[in-house]
Amino acid sequence: MHPAKTNRTFLARDYQESRFANDGCFILPSSTSYYLIYFLLLLLRLPRSLRHTAIHFIFQKNEQMDSYSSSSFNSFLNHFRASANSFLSQFEPLALLLAPLLTLLAARFLQSFLSVIHEKGLKATLLGFFMSSIKSVPGVKSYIDAEKQKVVDKLHSGSKSIRENWRTELPTTGLGVGVIEEMKDEKSKDVDWQGKCSGTVYIGGSESEGHFSLINEACSMFAHTNPLHLDVFKSVARFEAEVVAMTAALLGSKEKASGGQVCGNMTSGGTESILLAVKTSRDYMKMKKGITKPEMIIAESAHSAYDKAAQYFNIKLRRVPVDKEFQADLKAIRQHINRNTILIVGSAPGFPHGIIDPIEELGKLAYSYGLCFHVDLCLGGFVLPFAHKLGYPIPSFDFTVMGVTSISVDVHKYGLAPKGTSVVLYRDHDIRKHQFVAVTEWSGGLYVSPTIAGSRPGGLIAGAWAAMMSLGQEGYLENTRKIMEASKMIQNGIKEIPELFIIGRPDMTIVAFGSAVLDIFEVNDIMSGKGWHLNALQRPNSIHICITLQHVPVVDSFIQDLSEAVQTVKENPGPISGGLAPIYGAAGRMPDRGMVEELLVNYMDGTC
Amino acid sequence: MLCYIGGSESEGHFSLINEACSMFAHTNPLHLDVFKSVARFEAEVVAMTAALLGSKEKASGGQVCGNMTSGGTESILLAVKTSRDYMKMKKGITKPEMIIAESAHSAYDKAAQYFNIKLRRVPVDKEFQADLKAIRQHINRNTILIVGSAPGFPHGIIDPIEELGKLAYSYGLCFHVDLCLGGFVLPFAHKLGYPIPSFDFTVMGVTSISVDVHKYGLAPKGTSVVLYRDHDIRKHQFVAVTEWSGGLYVSPTIAGSRPGGLIAGAWAAMMSLGQEGYLENTRKIMEASKMIQNGIKEIPELFIIGRPDMTIVAFGSAVLDIFEVNDIMSGKGWHLNALQRPNSIHICITLQHVPVVDSFIQDLSEAVQTVKENPGPISGGLAPIYGAAGRMPDRGMVEELLVNYMDGTC
């Protein structure tokens, strides 16, 4: 049967039902198709004459169906129109009009819901929804807030009363030089930190002699300088350039494999170096690949500064669990790479367990996908090159590895420089240019800034230069030998304690250990009582010591105290009064990570 | 402008703060439980600074809080980041914009670039102050923040803070007052009877303030304070990390580890001077500023830009190339700042200048005479470069030039 005939029959029926007056008056037909098309034309605000012409045209066309019947495309269209109309005619016109609008609304709602999930993850979103519905029950919110406050108060552990005595206003009359006595008094109340803190102080000896004395003198000599004014303080400009170049040379900048274009700047610390590396990678990849919704992939062991960078610079962060050796999991990282990925990170070593990630493999991965690859040598930068020289089995980690685009190194850790000195390095100038901020529209003049800060304390730069130049390669080699040996001794000591196990295979000077039979955080509380300040870790629950020159003379007493602490907890299991074990444990188990975040923020809010 | 502390760097006040820094060079406020002394110094510096800026007045709400930072730029970056996150929570703004005057510091551009915020720089009015009308015109539903400077760096003029505060309050925006330069001068200048308009937390609408201790606070370089009206806003400054195997981590400012020595130095500076010390210093520098302004008015070829409210005096010339005057002054050993829009130079007066006001005016007069008699670029001078950069229409090329310049320095 000819399709047009079927078509025409249907339309003809409609057409016959309508009355089309010749004077241009149009009487609304009862059929749905006329209704819809007329409404559409009304919406389009076509004038009456045009509406008539359009309707006439559309439905006149059917009269001339026979003359067009030779065109199969036309007949196909009409056939389609007929079947569509006959299908749609079973619905109310109003419903047909509202359906697309409602669908659009629903789609928008779904889109915003999906974007929230994309940002926070499905689990976090559902939990967040669950928690907010619970909190809307009257009384629950105030109960939760009260409990939160209890935890925060516990964390402040009595220091609130001390804070009440603190000054809140400038004294009317200055103390003059008498201020020094008051500072000495305040300092004497500090805990005994020498040899007792994980990390914290990397320079050996007391703070008033030896190496400390030297760098203090250097800082004081240049305390009036500010590298923002390069033309005035040329000495500091030189110190900075030399510190950067010397550090880069430790990390392969002079090797052919690095490309010989390595450059960088000094920063105020590891966090700033990391922030800058991430920001630079973001802007570089935006230019290179046009990525506007950047993502970065890091291991669970990578430093919290990457979270800070992701929050600051609007980058989606993917934290991937480590593998069985507690190293960055290549396979898992590869799975997360997508077209928005700009950066992956490897740590050498990572802060939690002191283990070096597979830098070479990560470099190949980054190179093959055209991503930036940042190697976090904040801890290892001034140890690994020397440990390698001493014959320790250190895998490749610097610019000689293909794919590495940036490195962060803290001079104020094992570089033994004053606190507030770090270096960020890039493979070449093309990448680094994206670190700079140039401002041309300010009436204050033409301005270009290399790092985060504007003005900077030149004294610290001078102190870093003094530290590096006074030690030289031999000094660092000797220090590295001492701390690597101390690390070995501590690992052996811990292995002798059957209740403890060491996490992974420490590559450097950080030793993390846990326990399958006791609560390791209770051990930490006992050690705190003995004056030790160790780091509490999670996933798995453990504690670590970061060994520095401060620990070299006290390795034996550390092992001794640790054995005793383990014995104490073994004989008297259960939380120690005033200890933080319950809090650490609870925070680890709480599924609502948003609440843990709030607790941390409230704690910090109360400190200053 | 380079050094705010008077005298030589090896005696007097400098000696004092160096000793304080050295005493605490081993400390790091990241470890609050170990170095309680430094935690106290920091809290006291913040509280004392806040008290100078109205935190104890009823009009401020009594909830003012803040932190120490590494400098004015960090204070500004944090204020902007905090405002961005606060407004995201409060109004759901996901494409934030901020409006500043042309005279506002370049650190706001840096913040806009870092934190993905659209920056609108609005030309100043005829008095070289922030133009309220123009700023209001740029407010839209994505605006999160407006900024007022007290005073601005280029010309040392205080913006209409009270009016800007009302504007911000009426639109429900954040309002940051940039007191990096003025924080340790204006409260005392006001006490001394100088006509200083309102500028601190007593002004309704002010949500954050940045103050540099290492400028007129005479603290070591690397010390500044950022303050917020209340804890609800400030909480957005903190970064809490719960998913790191290194443990639970919360950081208040940009840095992680920080040099406690500098914090001790700032505390020493403030405590050794006290209110009387700052009052006396302010008296000296405001007088020096008046003398320099009078001296410049005596030079007919020069005109002062606007009406300086504090210790920065910017001046230009309608008859000679002011950048050539700058080159001559450089030759005489003076390091002044070159400005644009309009082309001018400024001196930021500190205690260092108090004994040499007369020789400055003398040298300036001579420089003006030299340029008047021998117009044309000085060999080795920067005048042609400043002039060209100002005239170049392709601002992108000027940016590239600046970046390439910086690329070659380190």
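Once you put a point 7 Å from the Cα of A:Ser206 and another 7 Å from the Cα of A:Ser72, both along the Cβ direction, what distance in nm separates them?
10.3
Would you please give the FRET efficiency between A:Lys288 and A:Ala107, computed as 1/(1 + (r/R0)^6) with r the Cβ-Cβ distance and R0 = 41 Å, to the nearest 0.05?
Working: r = 33 Å, r/R0 = 0.81.
Approximately 0.80, to the nearest 0.05.
I'd like the mean, over residues of B:79-88, of how many other protein chain beta carbons sit within 10 Å of each residue's own Cβ. Kindly include the intermediate steps, with their values, before the conclusion.
Numbers: counts 0, 0, 2, 0, 0, 2, 2, 0, 0, 0.
Counting Cβ atoms of other protein chains within 10 Å of each residue's Cβ and averaging gives 1.
Taking a threshold of 20 Å on the Cα-Cα distance, which of the pairs A:Lys279/B:Lys235; A:Lys288/A:Lys433; A:Lys389/A:Lys488; A:Lys123/B:Lys235; A:Lys187/B:Lys36; A:Lys413/B:Lys81 fall above it?
Numbers: A:Lys279/B:Lys235 23 Å; A:Lys288/A:Lys433 13 Å; A:Lys389/A:Lys488 17 Å; A:Lys123/B:Lys235 24 Å; A:Lys187/B:Lys36 8 Å; A:Lys413/B:Lys81 29 Å.
Over 20 Å Cα-Cα: A:Lys279/B:Lys235; A:Lys123/B:Lys235; A:Lys413/B:Lys81.
How big is the accessible area of A:Lys488 in square angstrom, nearest 10, if you roll a 1.4 angstrom probe over the protein chains?
So the heavy atoms of A:Lys488 present about 110 Å² to solvent.
Is the C-alpha gyration tensor of the range A:331-468 telling us rounded, prolate or oblate? Criteria: a/c under 1.5 is rounded; beyond that, a/b larger than b/c is prolate, otherwise oblate.
Details: a/c = 2.55, a/b = 1.20, b/c = 2.13.
It comes out oblate by the Cα gyration axes.
For chain A, what is the calculated [θ] at 222 nm in deg cm²/dmol (nearest 500), taking -39500 (n - 2.57) for each run of four or more DSSP H residues and dividing by its residue count? Display every interim value, and only then the final one.
Working: 23 runs with 310 residues, N = 608.
Helix-only estimate at 222 nm: -16500 deg cm²/dmol.
Estimate the FRET efficiency between A:Thr125 and A:His388 by the formula 1/(1 + (r/R0)^6), using the beta-carbon distance for r and 45 Å for R0, to the nearest 0.05. Before the final figure, lay out each step's value.
Values: r = 46 Å, r/R0 = 1.03.
It comes out at approximately 0.45.
Tally Lys/Arg at +1 and Asp/Glu at -1 over every other residue whose Cβ is under 10 Å from the Cβ of A:Gly403; what's the total? Don't skip to the end; give the middle numbers.
Values: positive: A:Lys364, A:Arg427; negative: A:Glu360, A:Glu361.
Local net charge: 0.
Order of A:246-256, A:581-591, A:460-470, A:284-294 by packing, highest average Cβ count within 10 Å first? Show your work: numbers first, answer last.
Values: A:246-256: 19.3, A:581-591: 16.6, A:460-470: 25.2, A:284-294: 15.1.
So the order, starting with the most tightly packed, is A:460-470, A:246-256, A:581-591, A:284-294.
Find the centroid of the Cα atoms in the range B:265-301 and in the range A:469-529, then give the distance between the two in whole Å.
54
Show me you know the interface measure: the accessible area buried between A and B, both chains summed, probe 1.4 Å, in Å² to the nearest 100. Display every interim value, and only then the final one.
On the way: alone 33620 and 19490 Å², together 42510 Å².
So the buried area, both faces added, is about 10600 Å².
Over the range B:13-273, average the accessible area per residue using a 1.4 Å probe and give it in Å², no decimals. Mind dumping the intermediate values first?
Values: 7250 Å² over 261 residues.
Counting only protein heavy atoms, the per-residue value for the range B:13-273 is 28 Å².
Describe numerically, in nm with one decimal, the distance between label points set 7 Å from Cα along Cα→Cβ at A:Ile134 and at B:Arg141.
Label at A:Ile134, label at B:Arg141, 3.5 nm between them.
Please calculate how many Å² of accessible area the range B:274-408 carries per residue, with a 1.4 Å probe and no DNA, RNA or ligand atoms counted.
Details: 6290 Å² over 135 residues.
I get 47 Å² per residue for this part.
How much of A:Phe558 can a 1.4 Å solvent probe reach, expressed as accessible area in Å² and rounded to 10?
Roll a 1.4 Å probe over it and A:Phe558 shows about 0 Å².
Just tell me which aspartates and glutamates come within less than 14 Å, Cα to Cα, of A:Lys293; anything on the same chain fewer than 8 places away is out.
A:Glu119, A:Asp283
Take A:His156 and A:Gln491, extend 7 Å from each Cα along the Cα→Cβ direction, and tell me the distance between the two endpoints in nm.
4.3
Using a Förster distance of 30 angstrom, determine the FRET efficiency expected from the C-beta separation of A:Arg589 and A:Val554, and round it to 0.05. Could you put the intermediate results ahead of the total?
Details: r = 34 Å, r/R0 = 1.14.
It comes out at approximately 0.30.
What do you get for the angle between helix A:555-571 and the principal long axis of chain A? Use alpha-carbon atoms, 0 to 90 degrees, nearest ten.
Taking the Cα atoms of chain A, the angle to A:555-571 is about 60 degrees.
Suppose every K and R has +1 on its Cβ and every D and E has -1 on its Cβ; what is the size of the dipole of the protein assembly as shown about the Cα centre, in Debye to the nearest 20? Numbers along the way, then the final one.
Details: 96 positive and 100 negative charges, 829 e Å.
With Lys and Arg at +1 and Asp and Glu at -1, about 3980 debye.
Give the ranking of B:Glu44, A:Glu496 by solvent-accessible surface, highest area first, calculated with a 1.4 Å probe. It would help to have the intermediate numbers written out before the result.
Details: B:Glu44 0, A:Glu496 150 Å².
The ordering from most to least exposed comes out as A:Glu496, B:Glu44.
With every protein chain left in place, what is the accessible area of B:Arg121 in Å² (1.4 Å probe, nearest 10)?
Approximately 50 Å² of B:Arg121 is accessible to the 1.4 Å probe.
What shape does the range B:13-273 have by the C-alpha gyration tensor, where a ≥ b ≥ c are the square roots of the eigenvalues, rounded means a/c under 1.5, and otherwise prolate means a/b greater than b/c and oblate the rest? Don't skip to the end; give the middle numbers.
Numbers: a/c = 1.93, a/b = 1.27, b/c = 1.52.
Note, shape of the range B:13-273 comes out oblate.
Other chains near B:65-71: what is the mean number of their Cβ atoms within 10 Å of each residue's Cβ?
Values: counts 3, 1, 3, 1, 1, 10, 9.
Across B:65-71, the average partner-chain Cβ count within 10 Å equals 4.
So which of A:Lys141/A:Lys308; A:Lys135/A:Lys308; A:Lys324/A:Lys482; A:Lys184/B:Lys56; A:Lys331/A:Lys364 end up more than 19 Å apart by C-alpha? Mind showing how you got there, number by number?
Details: A:Lys141/A:Lys308 29 Å; A:Lys135/A:Lys308 28 Å; A:Lys324/A:Lys482 30 Å; A:Lys184/B:Lys56 30 Å; A:Lys331/A:Lys364 13 Å.
Beyond 19 Å between Cα atoms: A:Lys141/A:Lys308; A:Lys135/A:Lys308; A:Lys324/A:Lys482; A:Lys184/B:Lys56.
Could you tell me what percent of the accessible area of the range B:274-408 is made up of carbon and sulfur, with a 1.4 Å probe and every protein chain present?
Working: 3360 of 6290 Å².
Solvent-exposed carbon and sulfur of the range B:274-408 make up 53 percent of the total.
How large is the accessible surface per residue of chain A, computed with a 1.4 Å probe and reported in Å² as a whole number? Please list the in-between numbers first.
Working: 28300 Å² over 608 residues.
Here the per-residue accessible area is 47 Å².
Counting helices only, and only those DSSP H runs with n ≥ 4, report the 222 nm mean residue ellipticity of chain B as the sum of -39,500 (n - 2.57) divided by its residues, in deg cm²/dmol to the nearest 500. All intermediate terms of the calculation are to be shown ahead of the outcome.
Working: 13 runs with 172 residues, N = 410.
Counting only the DSSP helices, I get -13500 deg cm²/dmol.
Using a 1.4 Å probe over the heavy atoms of the protein chains, calculate the carbon and sulfur portion of the accessible area of chain A as a whole percent.
58
Residues in the range A:425-449, backbone N under 18 Å from the label point at B:Tyr405 (7 Å along the Cα-to-beta-carbon vector): list them, ranges by number please.
A:433-449
Do any residues of the range A:299-313 lose at least 10 Å² of accessible area when the full set of protein chains is present rather than just their chain alone, and if so which, with a 1.4 Å probe?
Those residues are A:Glu300, A:His303, A:Ser304, A:Asp307, A:Lys308, A:Gln311, A:Tyr312, A:Phe313.
With a 1.4 Å probe and all protein chains in place, put A:Ser136, A:Ser213 in order of accessible area, largest first. Before the final figure, lay out the partial values.
Numbers: A:Ser136 85, A:Ser213 50 Å².
The ordering from most to least exposed comes out as A:Ser136, A:Ser213.
For the protein assembly as shown, what class follows from the C-alpha gyration tensor (a ≥ b ≥ c being the square roots of its eigenvalues): rounded when a/c is under 1.5, otherwise prolate if a/b is larger than b/c, else oblate?
Oblate, since a/c reaches 1.5 and b/c is not below a/b.
Please compute the net charge surrounding B:Asn294, taking Lys and Arg as +1 and Asp and Glu as -1 over other residues with Cβ under 13 Å from its Cβ. Provide the component values of the computation, followed by the final result.
Details: positive: B:Lys290, B:Lys297; negative: B:Glu287, B:Glu298, B:Asp358.
The answer is -1.
Per 0.36 nm of contour for each residue apart, how much would the distance between A:Ser115 and A:Lys316 grow if the chain were fully extended, relative to their Cα-Cα spacing?
71.2 nm
Quick check: net charge around A:Glu474, other residues with Cβ under 14 Å of its Cβ, Lys/Arg +1 and Asp/Glu -1?
Numbers: positive: A:Lys389, A:Arg481, A:Lys482; negative: A:Glu478.
Counting the neighbours of A:Glu474, the net charge comes to +2.
Could you order B:His13, A:His412, A:His118 by accessible surface area, starting with the largest, using a probe radius of 1.4 Å?
On the way: B:His13 35, A:His412 5, A:His118 100 Å².
Reading off the accessible areas and sorting them downward yields A:His118, B:His13, A:His412.
Counting partner chain Cβ atoms within 10 Å of every residue's Cβ in B:16-24, what's the average? Each step should come with its number before you reach the end.
Working: counts 4, 3, 8, 6, 3, 8, 11, 8, 6.
Average neighbour count from other chains, rounded to a whole number: 6.
The values are calculated or read from the model by the stated rules, or taken from the named source; none is laboratory data. No experiment lies behind these values; they were computed from the predicted model shown. Methodologically, a virtual Cβ is constructed for each residue, glycine included, from the backbone with ideal geometry; neighbour enumeration extends over all protein chains shown. Ligands, DNA and RNA are stripped out before the accessible areas are found, and what is left, the full protein with its side chains, is counted by its heavy atoms. Shrake-Rupley method; radii C 1.70, N 1.55, O 1.52, S 1.80 Å.
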